[in-house]
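These notes are about the structure you will find just below.
The values are calculated or read from the model by the stated rules, or taken from the named source; none is laboratory data. Note that the structure is predicted; figures quoted are calculated from it, not measured. Neighbour counts run over all protein chains shown; Cβ positions are idealised from the backbone, glycine included.
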Amino acid sequence: MFNKLFKLDANKTDIKTEILAGITTFLAMSYILGVNPGLLSETGMPISGVFIVTAIASGIACIIMGLLANYPIGLAPGMGLNALFTYTIVLGMGLSWQAALAAVFLSSIIFLIITIIGIREAILNAIPKDLKLAIGSGIGFYLAFLGLANAGIVVADPSTIIGLGELSSSHILLAFFGIVITLILYVRKVPAAVFLGLLLTAIIGVVMSLLGYGSAEMVLPSMPTEWVSFNLDMSVLGGFMQGFNELFKDIPTLVIILFSMLFVTFFDTTGTLIPLAKECGYEKEDGTTEGINRAFISDALGGIIGAVMGSSTVTAYVESATGIGLGGRTGLTAITIGVLFLLSVFFAPTVLALFTPSVTTAALVTVGILMFVQIRDIDWDNLSIVAAVFITIIMMVLSYSISLGIAFGFITYTIVSVANGKAKELNPLVWVLFVVFLIYLFFGL
């Protein structure tokens, strides 16, 4: 039955290999169970509720990927997209988390439509490659800065704008320990390095708490009061339905929110699925990828499910490469990941007690490094490109907004292209975005 459903023989794999690959991928990406609730709870969402929906939405999305696309890809709320949700849309623009969830729902619907009708390739060709790379790298910088700020390593300073926190504080020392441990594991190519780094850091934090070091600060991990719970907090389920009226009150802001979500989701998913599919051997001789549209549809459905459940956008995870490296080739791997995510809903008390901001800082910094690496492929000999890339990244970090970084980057790119006499070479879509971003920056803030 499994062989017929997942084509195990055709993909030169077996049940044991697929399950082992699924377990490995789950461990590699399970850090999201600690990071996502911490980020989204800053919007006012209940942290326990976010944990539950993160696990359930991820589990369902993985199972859909396995059944519909037969790809060994895990899905969960995307890093960068959860930051866009929290710090740009809710805290930056002042929208409620319900309105942000409504935006996630709409953007996922749009993503599903453009995938089904086949205009994905046209959009990909319209956006300059270097800007795509700049946005991915910028989000890496942003996540790392976010992690450092959440742990108190960098703080606001009235005289210098930004400065170092009190490095002798217990929670900051723990964050440093976590970063060092995780980076060592990562460069040593230890499987599930980020997850193991989180776990070891949490254990060190619990020991520090038990010894009374910094316990008064109430920011260190603590021994869970209960390890397993069957009391599932579903208070955020369906919250997106309450956000549509608020979301449609300001159309220019709605346009920029949807574009930002679509843009990041679109290229993050493309940049993840295509190379992973190639690694699985799904790339054909003509350059097309077998089953890629079904994978994109699965990803879009995952985003819709995430919004309905009450989470930021669910998308494909590059950590799936760990399971693929162990031989995972079919949807059975993805289904294994999904089942493990669903089982994890019962361990909410354990995860929430252990994975405090000091612990998750290491994950944010490490993922930031991974996203930063793509900056190497930018055309550094073209000063016009360099200017747009630089503005995109620095404004994304300094404005504390992913969408503002994208806006400034597009505007800069258009201006320098015109200055170089290359206005005719610009895709019409770039001009449309240029106008939209100008309106947003000067009239929509």
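Tabulated data for the structure shown
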quantity: Filtered residue count, region 423-436, keeping only those that are among the aromatic types (Phe, Trp, Tyr) and modelled with pLDDT under 80; calculated: 0
quantity: Residues located in region 304-336, provided they are modelled with pLDDT of 85 or more, among the β-branched types (Val, Ile, Thr) and more than 16 Å from the chain's Cα centre (by Cα); calculated: Val308, Thr330, Thr333, Ile335, Thr336
quantity: Residue that is of a type in the set (S, T, N, Q) and either in contact with a Pro (Cβ under 8 Å, 6 or more places away or on another chain) or free of Cβ contacts under 8 Å to residues at least 40 places away in the same chain (or both), where the choices are Thr366, Thr360, Thr356; calculated: Thr356
quantity: Residue that is buried (at least 20 other Cβ atoms within 10 Å of the Cβ), closer than 30 Å to Gly325 by Cβ and out of contact with any Phe, Trp or Tyr (no Cβ under 9 Å at 6 or more places or on another chain), where the choices are Leu247, Leu185, Leu196, Leu174; calculated: Leu185
quantity: Selection from region 130-160 of residues that are acidic (Asp, Glu) and in a strand (DSSP E or B); calculated: Asp157
quantity: Residue tally, condition farther than 26 Å from Lys16 by Cα, part of a helix (DSSP H, G or I) and more than 15 Å from the chain's Cα centre (by Cα), over region 284-303; calculated: 4
quantity: Residue check for Ile439: surrounded by 12 or more Cβ atoms within 10 Å (Cβ to Cβ), free of Cβ contacts under 8 Å to residues at least 60 places away in the same chain and either of a type in the set (Val, Ile, Thr) or in a helix (DSSP H, G or I) (or both); calculated: no
quantity: Top-ranked residue of region 77-98 - restricted to ones that are touching a strand residue (DSSP E or B) at 6+ places or on another chain (Cβ under 7 Å) and outside any helix (DSSP H, G or I), ranked as modelled with the lowest pLDDT; calculated: Gly78
quantity: Candidate set: region 99-129, residues that are in contact with a Phe, Trp or Tyr (Cβ under 9 Å, 6 or more places away or on another chain) and not in a helix (DSSP H, G or I); chosen: the one modelled with the highest pLDDT; calculated: Pro128
quantity: Of all residues in region 1-44 being of a type in the set (D, E, K, R) and closer than 26 Å to Met79 by Cα, the one that is surrounded by the most Cβ atoms within 10 Å (Cβ to Cβ); calculated: Glu18
quantity: Some residue of region 68-76 being of a type in the set (Ser, Thr, Tyr), more than 24 Å from Leu258 (Cα to Cα) and in contact (Cβ under 8 Å) with a residue 24 or more places away in the chain; calculated: yes
quantity: Exclusive hit being at pLDDT below 85 and under 30 Å from Leu232 (Cβ atoms), set Leu354, Leu340, Leu370, Leu301; calculated: Leu354
quantity: Unique residue being aliphatic (A, V, I, L, M) and touching a helix residue (DSSP H, G or I) at 6+ places or on another chain (Cβ under 8 Å) when the list is Ile256, Ile251; calculated: Ile256
quantity: Residue in region 234-241 that is farther than 20 Å from Ile402 by Cβ, hydroxyl-bearing (Ser, Thr, Tyr) and over 24 Å from the mean Cα position of the chain (by Cα) present; calculated: no
quantity: Condition check for Gly49: closer than 29 Å to Ala99 by Cβ, part of a helix (DSSP H, G or I) and of a type in the set (Gly, Ala, Ser); calculated: yes
quantity: Some residue of region 62-76 being surrounded by 22 or more Cβ atoms within 10 Å (Cβ to Cβ), assigned to a strand (DSSP E or B) and either at negative phi or in contact with a Cys (Cβ under 9 Å, 6 or more places away or on another chain) (or both); calculated: yes
quantity: Close pairs (9 angstrom Cβ cut-off, 6 or more residues apart or separate chains): in contact (Cβ under 8 Å) with a residue 40 or more places away in the chain and under 14 Å from Met309 (Cα atoms) in region 34-47, basic (Lys, Arg) and part of a helix (DSSP H, G or I) anywhere; calculated: none
quantity: Subset of region 190-213 [more than 12 Å from Phe355 (Cα to Cα) and either touching a Cys at 6+ places or on another chain (Cβ under 8 Å) or of a type in the set (Phe, Trp, Tyr) (or both)]; calculated: Tyr213
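Conditions tested, residue by residue: (1) surrounded by fewer than 16 Cβ atoms within 10 Å (Cβ to Cβ); (2) among the hydroxyl-bearing types (Ser, Thr, Tyr); (3) without any contact (Cβ under 8 Å) to a residue 24 or more places away in the chain.
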{"residue": "Ile375", "(1), (2), (3)": "no, no, no"}
{"residue": "Ile378", "(1), (2), (3)": "no, no, no"}
{"residue": "Ala388", "(1), (2), (3)": "no, no, no"}
{"residue": "Ser401", "(1), (2), (3)": "no, yes, no"}
{"residue": "Ile411", "(1), (2), (3)": "no, no, no"}
{"residue": "Thr414", "(1), (2), (3)": "no, yes, yes"}
{"residue": "Ala419", "(1), (2), (3)": "yes, no, no"}
